[in-house]
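Here is the structure we will look at.
The values are calculated or read from the model by the stated rules, or taken from the named source; none is laboratory data. Just so it is clear, the structure is predicted and the values come from calculations on it, not from any experiment. Using ideal geometry, Cβ is built from the backbone for each residue, glycine included, and neighbour counts are taken over all protein chains shown. Please note that ligands, DNA and RNA were not included when accessible areas were found on the heavy atoms of the full protein model with its side chains. Shrake-Rupley method; radii C 1.70, N 1.55, O 1.52, S 1.80 Å.
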Amino acid sequence: MKFLTTTAITLAMTVGAAQAEGELVLYHWFEYIPQELLDKFTAETGINVTMDTYDSNEAMLASLKAGALGTYDVAVPGDYMVEIMIGEGMLDTIGDGELANKGNIAPQWANPSFDPGWKHSIPYQWGSTSFSVDTDTYSGDINTTDILFNPPEELKGKINMLDSQGEVLAMASLHLGIPQCSTDREQLKALNNMLQAAKENWASFNSDTAKEVLVSGDAAAGMIYDGFSAKAREEKASITYAFPTQGYVVWMDNVVLLKDAPNRDSAIKFMDFLLEPENIAAVSNFARYGNGLSGTAEFLDPALATLPEANPQPGAGAGAFIQVCDEATQAVYDQIWTNLKK
Amino acid sequence: MAGGGVQKGRGPVSETYAPVRYPLLVPAWAVLLVFVAAPVAMMLVYSFLTKEFRGGVIWEFSLAAYDQFFFDRGLFGDEPPRIEWTYITIFWRSIWQAGLATLLSLLIGFPTAYFIATRPKDTRAIWVFLITIPYWVNLLIRTVSMRFLLREQGPLNDTLLALGVLDEPLRLINTNLAVQLGLFYSYLPFMVLPIYAAVERYNFTYSEAAADLYATKWATLRRVVLPAVKPGVIAGCILVFVPSLGAFLAPDLLGGAKNFMIGSLIEEQFKGNAGNWPFGAAASMILLTLVLIALLVATSLQRRAEGPR
């Protein structure tokens, strides 16, 4: 039997595309999944993987809405985007028992708010969005959102924000201690005014270069994802990730089964593949983020367990997912964002 | 143009090709239809549709997009309408920046083009070649390099500090000046090349004649050379102004994206949280109209410059 499997793998690898047993079209974030893992999937199943990439949840949604639905089998939206896509009817339902490895999902993620019971998605990677400070420039307490919104003298004019409405406004709401989808006019006005004042101290809005501006010294503090910050610290040791007492943003990327997937069977196989601890650990080792499965410890890079960017200090605030607001409420937040960037 | 196309022994060129003229034009017309007319028509239609929450449109007529552009109804949308300055400010900022970049390119580009065109014939090609070399590299890479060059702890500041020219590093990155430099650098050859083409065709015996008639160098340039090469100058200005207007790489990477430019405002409507496609389409249509007006003005100037022949 072992001989047979090995032969099958070798065959699958050598005959390649022409006699592949299937296709899988993947719509994924850029620079996230290691190519070796995709090669491994092809070797195990004989399914050819084609991947297109995107750089934001919103860009992915826009592309799917503009007619790309039916082209892709699976995508990797973040938590709030899964909820939006379910609401838009863009996801297919995974039947009970279709995924053999579903039991590997860690108990803490058994029932996520954005897709209760994992009916359309599986966990992929999770982490946090907060900010990092170059402690060579500022040596005071960094675990407060004041760093971004009411900065000390040393950091004024040296702050980079993510160019992303959801994350900036969620962080600002945590700073003011107001709900993310507030309908209270006084709170919304306060949010608007606070951001206008805070902007005076910001140098730039950049998402793609969030890590690079910190490493190069263009910014001395900046909003950033935890994994990015860990990579930044490897290049410049003084870059320290903060878990503010007011709280921070938690995100989770998930593999979803898209509606009208041209290769639904391949998609299910791919999801089962990613529900194996060894495989998802390979993504974590590459991207430096946590994953939502149990039993991955033995496959993980030992450094990840003690990563300062993944382990909040005692006294840190709670992590919060970005919330999905209704249309009327969202319109006000859109207006606040436009005011901020006009 | 009368008689311009006549050749000995054959009819005018236009007659030679007359039987196949329309079939031969089909590919060109098809390309224009598919890649220019259809997208613009789609944009026009979308700008008058109702916005669907989180992207997309509902097929119902609506003026909401244009209303949003021109009228301010407060943070909650229920105040009496006032004139909305937000988008006008964004457009004005982009136009101002593009205009400045055009002026800067003209000031540097014209002497450069003149210099190249007055070199001996066999070296001109080398100069033109040298001008185009940096443009073999992708615009994104060049803009990122510019960012690297200008940053506070970058080579430019390091050199100036080491030479003792400066005591404090210059704060260039994330300023409008950096955006200007980026636009100027990105589009300079679009100014140099058309002017070069015009100056190269210029008959320098006219300048000699002007000098013989006691015209000063300045008067010769202003009253003889400039009118003759004006079409090239106008073409160069259009080629720099139009792409600068929609530029988003330089404002994002060099200016820090702190303020929307036209390009990033429109992009945000499709790829950002707002997901307001009709508004993005309306802003594009307004931009298109502005550019069209500018081009019509430029064309009429050019026609006057060329004059009756």
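How much net charge surrounds residue B:200 when only other residues with a Cβ under 13 Å from its Cβ are counted (Lys, Arg +1; Asp, Glu -1)? Let's see the in-between values first.
On the way: positive: B:119, B:121, B:124, B:201; negative: none.
Spelling it out: positives minus negatives among the neighbours equals +4.
Take every Cα-Cα distance within region A:55-187, group them into 5 Å bins from 0 onward, and report for each bin the whole-number percent of pairs it holds.
Taking all Cα pairs of region A:55-187, the binned fractions are 2, 7, 14, 15, 14, 15, 12, 10, 7, 3, 1, 0 percent.
Give me a single rounded figure for A:131-141: the average over its residues of other chain Cβ atoms within 10 Å of their Cβ.
On the way: counts 0, 0, 0, 0, 0, 0, 0, 0, 0, 0, 0.
Taking all residues of A:131-141 together, the mean is 0.
Quickly estimate the mean residue ellipticity at 222 nm for chain B, helices only: each DSSP H run with n ≥ 4 gives -39500 (n - 2.57), and the total goes over all residues, rounded to 500. Provide the component values of the computation, followed by the final result.
On the way: 15 runs with 201 residues, N = 309.
Value at 222 nm, helices only, nearest 500: -21000 deg cm²/dmol.
Please work out whether region B:153-309 counts as rounded, prolate or oblate from its C-alpha gyration tensor, where a ≥ b ≥ c are the square roots of the eigenvalues and a/c under 1.5 means rounded, while otherwise a/b larger than b/c means prolate and anything else oblate? Don't skip to the end; give the middle numbers.
Details: a/c = 3.91, a/b = 1.34, b/c = 2.91.
It is oblate, given that a/c is not under 1.5 and a/b is not larger than b/c.
Per residue of region B:189-205, what does 6.51 cos²θ - 1.76 cosθ + 1.60 with θ = phi - 60° give for ³J(HN,Hα)? Whole Hz please, x for Gly and Pro, Karplus curve as stated.
Working through the residues one at a time gives x, 5, 8, 5, 5, x, 5, 4, 4, 6, 5, 4, 7, 5, 8, 6, 5 Hz.
Can you send over the carbon and sulfur percentage of the accessible area for chain B, probe radius 1.4 Å, protein chains only? Spell out each step's value before the answer.
Values: 12640 of 18040 Å².
Ligands and nucleic acids excluded, carbon and sulfur reach 70 percent.
I'd like to compare A:159-168, B:80-89, A:60-69: which one has the highest average count of other Cβ atoms within 10 Å, and what's the full order after that? Mind showing how you got there, number by number?
Values: A:159-168: 23.9, B:80-89: 12.7, A:60-69: 18.5.
With the highest mean Cβ count within 10 Å placed first, the list reads A:159-168, A:60-69, B:80-89.
What FRET efficiency do you get for residue B:129 and residue A:136 if R0 is 56 Å and r is their Cβ-Cβ distance, rounded to the nearest 0.05? Could you put the intermediate results ahead of the total?
On the way: r = 46 Å, r/R0 = 0.83.
Computed FRET efficiency for residue B:129 and residue A:136 comes out at 0.75.
What net charge do the residues around residue A:70 carry, taking every other residue with its C-beta under 13 Å from that of residue A:70, with Lys and Arg at +1 and Asp and Glu at -1? Walk me through the numbers on the way to the answer.
Values: positive: A:65, A:259, A:264; negative: A:73, A:92, A:260.
With Lys, Arg at +1 and Asp, Glu at -1, the net is 0.
Quick check on my link table: of A:158/A:231; A:341/B:230; A:341/B:51; A:65/A:342; A:231/B:271; A:211/B:258, which ones sit more than 29 Å apart, alpha carbon to alpha carbon? Mind dumping the intermediate values first?
Working: A:158/A:231 20 Å; A:341/B:230 39 Å; A:341/B:51 22 Å; A:65/A:342 27 Å; A:231/B:271 27 Å; A:211/B:258 18 Å.
Distance filter (> 29 Å) returns A:341/B:230.
In what sequence, highest mean first, do B:149-161, B:27-39, A:270-282 appear when ranked by Cβ atoms within 10 angstrom?
Put in order of decreasing packing, that is A:270-282, B:149-161, B:27-39.
Kindly rank A:203-209, A:304-310 from highest to lowest mean number of other beta carbons found within 10 Å of each residue. Walk me through the numbers on the way to the answer.
On the way: A:203-209: 21.1, A:304-310: 16.9.
Descending mean neighbour count gives A:203-209, A:304-310.
³J(HN,Hα) across region B:72-83 via Karplus (A = 6.51, B = -1.76, C = 1.60, θ = phi - 60°), whole Hz, x for Gly/Pro?
Result, rounded to whole Hz: 9, 10, x, 4, 9, x, 10, 8, x, x, 10, 5.
Just how far, in whole angstrom, is region A:162-188 from region A:308-328 if you go by their alpha carbon centroids?
So the separation of the two Cα centres works out to 12 Å.
What net charge is computed for the residues neighbouring residue A:33, neighbours being all others with C-beta under 14 Å from the C-beta of residue A:33, Lys and Arg scored +1, Asp and Glu -1?
On the way: positive: A:40, A:288; negative: A:31, A:36, A:39, A:52, A:253.
Residues near residue A:33 contribute -3 overall.
Can you give me the long-range amide H partners of residue A:292? Hydrogens built in the peptide plane at 1.01 Å from N, cutoff under 5 Å, separation of 5 or more residues or another chain.
A:124
Across peptide A:64-71, what mean number of C-beta atoms from other chains lies inside 10 Å of a residue's C-beta? Walk me through the numbers before you get to the answer.
Numbers: counts 1, 8, 4, 0, 0, 0, 0, 0.
Shielding by partners across A:64-71 averages 2.
Would you mind working out the accessible area per residue for the protein assembly as shown, using a 1.4 Å probe, and quoting it in Å²? Provide the component values of the computation, followed by the final result.
Details: 31730 Å² over 651 residues.
Value for the protein assembly as shown: 49 Å² per residue.
Taking each residue in B:272-282, count the Cβ atoms of any other chain within 10 Å of its Cβ, then average. What number comes out?
Details: counts 12, 11, 9, 7, 2, 3, 0, 1, 0, 0, 0.
Average per residue, whole number: 4.
For residue A:320, what residues show an amide H to amide H distance below 5 Å, using hydrogens built from the backbone and excluding near sequence neighbours?
A:248, A:249, A:250
Starting from 0.36 nm per residue, how many nanometres of slack lie between residue B:301 and residue B:92 once their C-alpha separation is accounted for? Write out the running numbers ahead of the final one.
Details: separation 209, 0.36 × 209 = 75.24 nm, distance 2.30 nm.
Stretched out fully, the residue B:301 to residue B:92 stretch lengthens by 72.9 nm.
Helix hunt in chain A: which complete DSSP H runs extend at least 30 Å axially by C-alpha with mean Kyte-Doolittle at least 1.6? Mind showing how you got there, number by number?
On the way: long enough: none.
Result, helices passing both filters: zero.
Classify chain B as rounded, prolate or oblate from the Cα gyration tensor: take a ≥ b ≥ c as the square roots of its eigenvalues, call it rounded if a/c is under 1.5, otherwise prolate when a/b beats b/c and oblate if not.
Values: a/c = 2.12, a/b = 1.22, b/c = 1.74.
Oblate, since a/c reaches 1.5 and b/c is not below a/b.
Quick check on chain A: helices-only [θ] at 222 nm, where DSSP H runs of length 4 and up contribute -39,500 (n - 2.57) each and the sum goes over total residues. Nearest 500, please.
Working: 12 runs with 126 residues, N = 342.
Dividing the helical sum by the residues of chain A leaves -11000 deg cm²/dmol.
Work out which residues of region A:293-331 lose at minimum 40 square angstrom of accessible surface when the other protein chains are put back, relative to the chain isolated, with a 1.4 angstrom probe, and list them by number.
With the partner chains in place, region A:293-331 has these residues losing at least 40 Å²: A:327, A:330.
How many angstrom lie between the C-alpha centres of region B:70-120 and region A:87-151?
So the two Cα centres are separated by 41 Å.
With a 1.4 Å probe and all protein chains left in place, how much of the accessible area of chain A comes from carbon and sulfur atoms, in whole percent?
Working: 7090 of 13690 Å².
Here carbon and sulfur together make up 52 percent of the probe-accessible area.
Need one number: buried accessible surface between chains B and A, 1.4 Å probe, both sides summed, DNA, RNA and ligands left out, in Å² to 100.
Working: alone 19780 and 15310 Å², together 31730 Å².
Chains B and A together bury roughly 3400 Å² of accessible area.
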